[in-house]
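The values are calculated or read from the model by the stated rules, or taken from the named source; none is laboratory data. Everything numeric in this text was worked out from a predicted model, so none of it was measured. Note: ideal-geometry Cβ built from the backbone for every residue, glycine included; neighbour counts use all protein chains shown. Keep in mind that these areas ignore ligands, DNA and RNA; they rest on the heavy atoms of the full protein, side chains included. Shrake-Rupley method; radii C 1.70, N 1.55, O 1.52, S 1.80 Å.
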Amino acid sequence: MEWIEVLNRIAAGEDEYTEFKLHFRDHGKVGRAICAFANTGGGLVLLGVSDSQQIIGVAEDSDQVQERLTSFLQSGCSSPVSARLGRHEDPQGWVHWVEVPGQRGFEPMRYDGRVWVRRGRSSVEPSPTELQDLYNTFGYVLTEERTISAATASDLDMQVFRSYLASLGIDTASDPQPNADDDLRNRGAIAEIGGELQPTLYGVLAFGRTPQDYPQTQSFYIECVAYDGDGRADEILQTSEAKGRLSEQVERAVGWFSGLGKFEVYRGLRRHDRRLLPLEALREALVNAVVHRDYAITGSKILFEVFAGRVEVTSPGTLPNHMTADSVRAGGRARSRNEYMANCMLALGFMERRGRGWPIMHKAMFEFNGTEPEIEQDRDGGFVRVRFLLD
């Protein structure tokens, strides 16, 4: 980074990607900032600059500061940080900087034994949901692989599981595995805990006989509500609970919506019935909701709401792996929060191709009524909402 770029960052002040420190003597705050930048989107740590954006200069010997920074990048965090160092001698003194890129390894970076992330102008420890998202990004721990202690392997419907294997081209009748448990284990549907085989969350939601029967999973379904107006304070016309396996939830929610009725359009002298929304757009939104929702949030359901002028699908949790609403609209594709679930729905034909959900919704709505689907993310509220306009 050139000195002119550094001056521009100083003039802009501290933000999510820039932090000022007077010196490296208190390496704790510097270490937290470097770790937080590495775990998120990267950033710049400047030494010798005050919070009021004044260049003060670092009092220590410049070469020694460089050596200490180099040593810290190699051994100060839980793994080496591949950052770039720079320095410039200003009339007020030496300014040092550490240009930290976002990094991905086996697991998130730690400093002082703890994970740090960037939130606004501060380096903080992540919330449980943020930490889960971070681990998902690094591919270390996945919520869908956690076992459901109240369930047993016999609670999985083997006929449903074999139908899934058949969709993958695996014929267990003519070329069986040694036993069914091996099939289930190899596909992530069960895991061995304390010598006992227990279904994973993925196994219960993809192949379970009664997926919502357990304390951890009782809210993992789609709640359907139709209102006589444009707000939740209006009269409720109809409700339903789309429960069951992932595929059943989508089918039942779409079926409920189809039962709400159609409206009439005329082409010449002929009357035609037209649905309230194109089902392919709605189906994509519901599939994305059940596949990408944050299952670490156990008290919330997916909300499927029909208002007088719009339809909304609200999913618990933020977008996975640090995606934004803008990146979704641009067609960006990150690894799913729940990879097993996504692959299962893909194999069953509920997803046409990975990463095409938003383009499909956009095309269907534009052809239907000339509108575009909308997406919003509320990080504080912890939800993602997709909205379709009815006219």
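Below, the figures for the structure above:
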read-out	value
Cα gyration tensor of the chain - equivalent ellipsoid semi-axes, whole Å, descending	47, 29, 17
Residue-normalised accessible area of region 1-147, expressed per residue, 1.4 Å probe, Å²	49 Å²
Calculated [θ] (222 nm, deg cm²/dmol) that DSSP helices of n ≥ 4 give over the chain, each run adding -39,500 (n - 2.57)	-9500 deg cm²/dmol
Rounded tilt (10° steps) of 128-138 against the dominant C-alpha axis of the chain	90 degrees
Packing rank of 288-301, 151-164, where each peptide gets the mean count of other beta carbons within 10 Å, highest leading	288-301, 151-164
Local net charge near A150, Cβ-Cβ under 15 Å (Lys/Arg +1, Asp/Glu -1)	-1
Net charge contributed by nearby residues that have their C-beta within less than 14 Å of G113 (K/R +1, D/E -1)	0
Protection-proxy order for peptides 14-23, 79-88, each taking the mean of Cβ atoms within 10 Å per residue, highest first	14-23, 79-88
Relative contact order of region 1-153, pairs being alpha-carbon contacts under 8 Å that are 6 or more residues apart, as %	26 percent
Centre separation in Å (Cα based) which lies between region 72-131 and region 209-226	41 Å
Coarse-grained scattering of region 1-111 at q = 0.14 Å⁻¹, given as base-10 log I(q)/I(0) from a Debye sum over alpha-carbon atoms	-0.49
The chain, relative contact order [Cα under 8 Å, separation at least 6], %	12 percent
Degrees separating the helix 279-292 axis from the principal Cα axis of the chain, which is the longest one	50 degrees
Between 0 and 90°, nearest 10: helix 158-167 axis offset from the chain longest Cα axis	70 degrees
FRET E, pair E374, V124, Förster distance 41 Å, beta-carbon r, rounded to 0.05	0.85
Local electrostatic count at Q66 - Lys and Arg +1, Asp and Glu -1, tallied over other residues with Cβ under 11 Å	-2
Lys pairs, the chain - Cα-Cα below 26 angstrom, 8 or more residues apart or on other chains	4
